[in-house]
2 protein chains.
Amino acid sequence: MQDTSILNGIDTGALQQVVEGVTRDPSQGRVTFGIRTSWLGGARTSAQALPVSLGNQTIDRNFNIESDEPLEILGTNKAANPQELLLTALNACITVGFVANAAARGIQIDNLEVVSNGSLDMRGFLGLDPNINPGYDAVSVEVRIRSKADAKAIEELFAHVIKTSPNFNNFARPIAVEASLQFQRA
Amino acid sequence: MQDTSILNGIDTGALQQVVEGVTRDPSQGRVTFGIRTSWLGGARTSAQALPVSLGNQTIDRNFNIESDEPLEILGTNKAANPQELLLTALNACITVGFVANAAARGIQIDNLEVVSNGSLDMRGFLGLDPNINPGYDAVSVEVRIRSKADAKAIEELFAHVIKTSPNFNNFARPIAVEASLQFQRA
């Protein structure tokens, strides 16, 4: 019998089906994301989400995400910048992890906010010192949650989410980035 | 005398001023970004960019970035998902690095596209196997560029950008993520 109850806006029956499907056939849990970004001039870009491959399904995507830099960082301030998009990706992933895992545990979340901050040294980006990391050495992320559940249940949920969040791990672990160049002489 | 020429949409005089300012006083190159994300129910979130601290300036931000999951991943498909935002952040950062460093070198870029892809195993996120990385082991990123510059100049530029891109390094290096929980019993 299928459980179709909705908790935290998550269909717990559908979640259970995903878990069972991937447990039965791990290839159904292989998911590939892609983004094609076009340069719009200056620091402006427009990104198109490419079709997602999920197990044996292909899911068309129809989303566009713009980016720019503030005036002070040589941009025209038309959109969030790459650093803000990166932190947004972290926060959103932690939120989904929290809400879905809470639903699976029967925990109702009343309110959830995630705040992240990171500080970097632009001497890295500007090529002024090869010993300086151009990115973040550290990032802080605070999960603010309101729920009727008890503190212990929420702490256990939090620990589980941190361990299993894709983007938390993408921040915390090194990723092998294979970069290639395709040059067309104009 | 200030050079005010624009190349690739980048004000090379302003770029030179940034480089000189940060060289003179490295604290001017310390920049802090922040994002506050509110949960909208289910897998939907809305992120607000917080004021940027850049040296001794505070720059107000007025950008909102939404996120959701596809229907197949328990969402309502209203916006790009956290994985797509992460790759968007990578592509945008590489683009800015390419275009700004090209301008600094006097190289005109005619066209630039960045395509990235990453594949992950949802058994990590679903908590089905603690030995599986919930994030990407690897990501590929291809920079497609058209320019009148010669191949050697573009290859050198590419190598420099990869080395100095904040988000390339954020992917490639581990970040110390300090996660904290603020729980309010409802």
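What the table below lists for this structure:
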{"read-out": "Failed item, numbered, when B:VAL96 is tested on (1) β-branched (Val, Ile, Thr); (2) within 18 Å of A:ARG44 (Cα to Cα); (3) open to solvent by less than 10 Å² (accessible area, probe 1.4 Å)", "value": "(3)"}
{"read-out": "Residue within the stretch A:148-165 that is part of a strand (DSSP E or B), surrounded by fewer than 16 Cβ atoms within 10 Å (Cβ to Cβ) and modelled with pLDDT of 95 or more present", "value": "no"}
{"read-out": "Enumeration of residues in the stretch B:64-84 that are small (Gly, Ala, Ser) and part of a loop (DSSP other than H, G, I, E, B)", "value": "B:GLY75, B:ALA79, B:ALA80"}
{"read-out": "Residue list for the stretch A:144-156, filter: within 7 Å of another protein chain (Cβ to nearest Cβ) and without any contact (Cβ under 8 Å) to a residue 40 or more places away in the chain", "value": "A:ARG144, A:ARG146, A:ALA151, A:GLU155"}
{"read-out": "From the options B:ILE94, B:ILE107, residue that is assigned to a loop (DSSP other than H, G, I, E, B) and either without any contact (Cβ under 8 Å) to a residue 60 or more places away in the chain or over 26 Å from A:ALA104 (Cα atoms) (or both)", "value": "B:ILE107"}
{"read-out": "Enumeration of residues in the stretch B:1-40 that are open to solvent by 20 Å² or more (accessible area, probe 1.4 Å), in a loop (DSSP other than H, G, I, E, B) and in contact with a strand residue (DSSP E or B) (Cβ under 6 Å, 6 or more places away or on another chain)", "value": "B:GLY9"}
{"read-out": "Answer residue from the stretch A:41-60, given it is touching a residue at least 12 places away in the same chain (Cβ under 8 Å) and more than 7 Å from chain B (Cβ to nearest Cβ) and is surrounded by the most Cβ atoms within 10 Å (Cβ to Cβ) among those", "value": "A:ARG44"}
{"read-out": "Which listed residue, of A:ALA159, A:ALA89, A:ALA103, is in contact with a strand residue (DSSP E or B) (Cβ under 7 Å, 6 or more places away or on another chain) and either of a type in the set (A, V, I, L, M) or at the interface with another protein chain (Cβ under 7 Å from one of its Cβ atoms) (or both)", "value": "A:ALA103"}
{"read-out": "Residues located in the stretch A:111-134, provided they are within 7 Å of chain B (Cβ to nearest Cβ), closer than 19 Å to B:LEU15 by Cα and either in a loop (DSSP other than H, G, I, E, B) or open to solvent by 30 Å² or more (accessible area, probe 1.4 Å) (or both)", "value": "A:ARG123, A:PHE125, A:LEU126, A:GLY127, A:LEU128, A:PRO134"}
{"read-out": "Inter-residue pairs, beta-carbon under 7 Å, first hydroxyl-bearing (Ser, Thr, Tyr) and in the stretch B:19-39, second crowded, with 20+ Cβ neighbours inside 10 Å and assigned to a helix (DSSP H, G or I), 6+ apart", "value": "B:THR37/A:THR88; B:THR37/A:ASN91; B:THR37/A:ALA92; B:THR37/A:THR95"}
{"read-out": "Residue match in the stretch A:136-143 (condition: of a type outside the set (S, T, N, Q), open to solvent by less than 40 Å² (accessible area, probe 1.4 Å), more than 15 Å from A:ASN91 (Cα to Cα) and more than 7 Å from every other protein chain (Cβ to nearest Cβ))", "value": "no"}
{"read-out": "Residue count, the stretch B:113-153 (criterion: within 17 Å of A:ARG185 (Cα to Cα) and touching a Ser or Thr at 6+ places or on another chain (Cβ under 6 Å))", "value": "3"}
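The values are calculated or read from the model by the stated rules, or taken from the named source; none is laboratory data. In this text, all values refer to a predicted model and were calculated from it rather than measured experimentally. Don't worry about glycine lacking a Cβ; one is built from the backbone with ideal geometry, like all the others, and counts go over all protein chains shown. The accessibility values were calculated without ligands, DNA or RNA, using every heavy atom of the protein model including side chains. Shrake-Rupley method; radii C 1.70, N 1.55, O 1.52, S 1.80 Å.
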